[in-house]
Amino acid sequence: MDFDLIIVGLGPVGAVAANLAGEAGLRTLVLEKSLTVFDKPRAMGFDQEIMRILGDLGLAGKISQYVMPYRPSEYRTTDGRVIRRIEAAEPPFQLGWAPNYVFMQPQIEAALRENLGRFPAVTVKLGAQVDAVASGEEEASVTVVDSSSEPHTYRSRYVLACDGGTSPTRMGLGLDMEDLDFDEPWLVVDVVLKDGCGANLPTTNVQYCEIERPCTFVVGPGQVRRWEFMINADETPAQVMEPAFVRRLISRWLDESEYDIWRASSYRFHALVLSKWRSGRVFFLGDAAHMTPPFLAQGMCQGIRDAANLIWKLALVNRGAAGPLLLDTYQAERLPHVKQTTLVTKGLGKLICERDPAAASERDTRLLEEMAANPRGTVRQSLIPGLSAGFLSASAHGPRGQLFPQPRVKTSDGRECLLDEATGATFRIVVDAQTDASVVASIARECDALRDFAVELVVIGTKPLASSNLPQHYQDVDGVLVDWMRRHDCGAVIARPDHYVYGACRNADDACQMIREFAAALRPGNPHENPTAASCA
């Protein structure tokens, strides 16, 4: 076996997957047909969950100059009225990062590629054209053609197809995508403002829900601004990409002397989801598995979530710490999440793209009534679902399947940091600091017994730590996690490496039972074993 894992494609999803595989110690080969990072932006937004993953990879400082918090969004109708607002959650931030960001994709991709140099187990081959992918009972294989050699076949335990919306791997295997009934042609334009220009542009993001031509305005990082324009039926993609046509569109906001066009590209905004995310030992991620319209800035986020969901599972199965049935939870978890997020995004797109005057008037009246009832608007994060199935506790109590918060903490040695920086992105068993010491000791013994898994015990409260506190004790500086546990009536929580909650229990006394359930569900040969109930008391 040449590798544990082969990743086909080194866009942002493949690059994150490769970094996570490197962190997990998987012998990984990454194959990318292009020799360089594409020098134009495509995706422009990602959310707090993705920033948390990038932070876990040690990239937060490196990319800080290329990201900026995402502005709130206003939906404006033809006569200029604001008919909807989508706001960002207010601090203290639940995941330790701002709720949403805009970013420069070429620079972020370059940072992800550079970061791969940290991992001796990761090999990157650029200019490698994948000719065939095959899956057998014991291994998968990828045949590669490059400019300097004859075709070469590499063998691995698994293959990740991160090769984009036109995925040759997916098409070669004849897999079908479900059409969620959204297919609209749009023009995407990125401009760079000249010094001192653009003062009259909106300071927030705007969805222009206009009958004549729906369009979107996004405040990008630095001097970058983006417009997205719906292409009308009497126009062609080639026509609308002409510089003169683009400048006429933008003349509503800017004089052509105030900016330079960085990119103008036409796209079809699709809502598609792959019906089968795995074919033997080949898994599909990112646009190879799903395509989402851009109206909630979730396209790239979806793919990076795929990588974060799958890599820790592959690592456990690869070293025999978990049974292969764990890999079936990839589609069970990701498909419903992606489908729901895509349907929400499609719904927003339908609002924006309404061209019928009577239907648009009805929409405006309805949304204005909703705004009157809820003047603060919709919080963007409330539109993103949690997990509803897969590797989750049998008990549906409280926050099971939700994202686990990340507070800023003080450690027993006096350091202040985000919780992930102290524990790593691993399994965490979190207990309220008010729990009886004997119960905490029993939970600690259960954690120590899980030698096949990296598990961190976190005992957390809001009171300052004493010199006698052990390393697993943390002070929640802003009360983010402690308040969250109280709202959900939790005495103990198990969080997964991808930061989703495996399960929670009201009383910390019941944590030992939950830990044994969790361990039994992972172990090879016992994927659904129900352990004997055991109290920590």
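From (1) farther than 18 Å from residue 295 by Cβ; (2) surrounded by 20 or more Cβ atoms within 10 Å (Cβ to Cβ); (3) at pLDDT below 95, pick out the condition that doesn't hold for residue 335.
(3)
Could you check segment 321-332 and list, in sequence order, the residues that are crowded, with 20+ Cβ neighbours inside 10 Å and under 20 Å from residue 428 (Cβ atoms)? Give the steps one after another, and end with the answer.
First pass over segment 321-332, keeping only residues crowded, with 20+ Cβ neighbours inside 10 Å: 322, 326, 330-331.
Within segment 321-332, 322, 326 meet the criteria.
Identify, by number, the condition in (1) closer than 30 Å to residue 484 by Cα; (2) crowded, with 17+ Cβ neighbours inside 10 Å that residue 90 doesn't meet.
Every condition holds for residue 90 apart from (2).
Filter segment 285-298 down to the residues that are within 11 Å of the chain's Cα centre (by Cα) and crowded, with 24+ Cβ neighbours inside 10 Å and list them by number. Full working, then the answer.
Looking only at segment 285-298, we keep the residues that are within 11 Å of the chain's Cα centre (by Cα), and these are 286, 297-298.
Within segment 285-298, 286, 298 qualify.
Going through segment 61-91 one residue at a time, which ones are touching a residue at least 60 places away in the same chain (Cβ under 8 Å) and out of contact with any strand residue (DSSP E or B) (no Cβ under 8 Å at 6 or more places or on another chain)?
First, pick out the residues of segment 61-91 that are touching a residue at least 60 places away in the same chain (Cβ under 8 Å): 66-68, 70-78, 81-89.
Selection gives 81 alone.
Can you tell me which residues in segment 265-279 are touching an Asp or Glu at 6+ places or on another chain (Cβ under 8 Å) and of a type outside the set (D, E, K, R)?
Result: 269, 270, 271, 272, 273, 274, 275.
I want to confirm something. Restricting to segment 358-388 and keeping residues that are assigned to a loop (DSSP other than H, G, I, E, B) and touching a residue at least 60 places away in the same chain (Cβ under 8 Å), which single residue is surrounded by the fewest Cβ atoms within 10 Å (Cβ to Cβ)?
Here is the first cut: in segment 358-388, the residues assigned to a loop (DSSP other than H, G, I, E, B) are 374-377, 384-388.
If we keep only those that are touching a residue at least 60 places away in the same chain (Cβ under 8 Å) as well, we get 376-377, 384, 386-387.
Numbers: 376: 9, 377: 18, 384: 18, 386: 15, 387: 23.
So, considering only residues that are assigned to a loop (DSSP other than H, G, I, E, B) and touching a residue at least 60 places away in the same chain (Cβ under 8 Å), the one surrounded by the fewest Cβ atoms within 10 Å (Cβ to Cβ) is 376.
What's the total number of residues in segment 219-248 that are surrounded by 14 or more Cβ atoms within 10 Å (Cβ to Cβ), touching a residue at least 60 places away in the same chain (Cβ under 8 Å) and in contact with a helix residue (DSSP H, G or I) (Cβ under 9 Å, 6 or more places away or on another chain)?
3
Do we have any residue at all in segment 329-342 that's over 16 Å from residue 497 (Cα atoms) and part of a loop (DSSP other than H, G, I, E, B)? Spell out the reasoning first.
If we filter segment 329-342 for residues that are over 16 Å from residue 497 (Cα atoms), which is where we start, we get 331-332, 335-342.
Now drop any that are not part of a loop (DSSP other than H, G, I, E, B), which leaves none.
Looking through segment 329-342, none of the residues is over 16 Å from residue 497 (Cα atoms) and part of a loop (DSSP other than H, G, I, E, B).
Quick one: in segment 405-420, of everything that is surrounded by fewer than 19 Cβ atoms within 10 Å (Cβ to Cβ) and acidic (Asp, Glu), which residue is farthest from the chain's Cα centre (by Cα)?
Restricting to residues being surrounded by fewer than 19 Cβ atoms within 10 Å (Cβ to Cβ) and acidic (Asp, Glu), the top hit is 413.
Looking at segment 158-188, which of the residues that are part of a loop (DSSP other than H, G, I, E, B) and of a type outside the set (D, E, K, R) is surrounded by the most Cβ atoms within 10 Å (Cβ to Cβ)?
So in segment 158-188, the residues part of a loop (DSSP other than H, G, I, E, B) come out as 162-167, 173-176.
Checking the rest, the ones that are also of a type outside the set (D, E, K, R) come to 162, 164-167, 173-175.
On the way: 162: 32, 164: 19, 165: 17, 166: 9, 167: 23, 173: 17, 174: 7, 175: 20.
Selected residue: 162.
Please list, ordered by residue number, the strands (runs of 3 or more DSSP E) wholly in segment 1-77 having 2 or more residues that are aliphatic (A, V, I, L, M) and buried (at least 20 other Cβ atoms within 10 Å of the Cβ).
On the way: elements: 3-8, 28-32, 45-47, 67-69, 73-77.
Where strands (runs of 3 or more DSSP E) fall fully within segment 1-77 and carry at least 2 residues being aliphatic (A, V, I, L, M) and buried (at least 20 other Cβ atoms within 10 Å of the Cβ), they are 3-8, 28-32.
Looking only at segment 106-129, decide whether some residue is in the same structural domain as residue 287 (by TED's automatic domain parsing), out of contact with any Gly (no Cβ under 9 Å at 6 or more places or on another chain) and under 30 Å from residue 378 (Cβ atoms).
Yes, segment 106-129 contains at least one residue that is in the same structural domain as residue 287 (by TED's automatic domain parsing), out of contact with any Gly (no Cβ under 9 Å at 6 or more places or on another chain) and under 30 Å from residue 378 (Cβ atoms).
Restricting segment 238-262 to residues that are among the charged types (D, E, K, R) and over 33 Å from the mean Cα position of the chain (by Cα), which is farthest from residue 202 (Cα to Cα)?
Taking segment 238-262 first, the residues among the charged types (D, E, K, R) are 242, 247-248, 252, 255-256, 258, 260.
Filter once more, keeping what is over 33 Å from the mean Cα position of the chain (by Cα): 242, 247-248, 252, 255-256, 258.
Working: 242: 25, 247: 18, 248: 19, 252: 12, 255: 15, 256: 17, 258: 15 Å.
Only one residue fits best here, namely 242.
Assuming residue 191 fulfils every condition listed in (1) free of Cβ contacts under 8 Å to residues at least 24 places away in the same chain; (2) assigned to a strand (DSSP E or B); (3) of a type in the set (A, V, I, L, M) apart from one, which condition is it?
For residue 191, the exception is condition (1).
Which of the strands (runs of 3 or more DSSP E) found entirely inside segment 211-296 contain at least 2 residues meeting this: within 27 Å of residue 329 (Cα to Cα)?
259-274, 282-284
As an exercise: evaluate residue 318 against (1) surrounded by 22 or more Cβ atoms within 10 Å (Cβ to Cβ); (2) more than 25 Å from residue 187 (Cα to Cα) and give the number of the one condition it does not meet.
It is condition (1) that residue 318 fails.
I'd like to verify a number: residues in segment 473-493 that are aliphatic (A, V, I, L, M) and surrounded by fewer than 24 Cβ atoms within 10 Å (Cβ to Cβ), how many?
Let us first name the residues in segment 473-493 that are aliphatic (A, V, I, L, M), namely 477, 480-482, 485, 492-493.
Subsequent filtering for residues that are surrounded by fewer than 24 Cβ atoms within 10 Å (Cβ to Cβ) retains 477, 480, 482, 485.
Selection size over segment 473-493: 4.
Out of 452, 498, 510, I need the residue that is assigned to a loop (DSSP other than H, G, I, E, B), crowded, with 20+ Cβ neighbours inside 10 Å and either under 27 Å from the mean Cα position of the chain (by Cα) or not polar (S, T, N, Q) (or both). Which one?
On the way: 452 fails: crowded, with 20+ Cβ neighbours inside 10 Å; 510 fails: assigned to a loop (DSSP other than H, G, I, E, B).
When all the criteria are applied, what remains is 498.
Given the residues 76, 52, which is the only one that is under 21 Å from residue 205 (Cβ atoms), among the charged types (D, E, K, R) and either in the same structural domain as residue 42 (by TED's automatic domain parsing) or at pLDDT 95 or above (or both)?
76
Considering each residue of segment 90-118, count those that are acidic (Asp, Glu) and either part of a loop (DSSP other than H, G, I, E, B) or at positive phi (or both), and give that number.
Initial filter on segment 90-118 (acidic (Asp, Glu)): 90, 109, 114.
Then drop every residue that is not either part of a loop (DSSP other than H, G, I, E, B) or at positive phi (or both), which leaves 90.
Adding up the residues that qualify gives 1.
The values are calculated or read from the model by the stated rules, or taken from the named source; none is laboratory data. Bear in mind that the values here come from a model prediction, so they are computed numbers and not experimental data. Note that we place each Cβ from the backbone using ideal geometry, even for glycine, and neighbour counts take in every protein chain shown.
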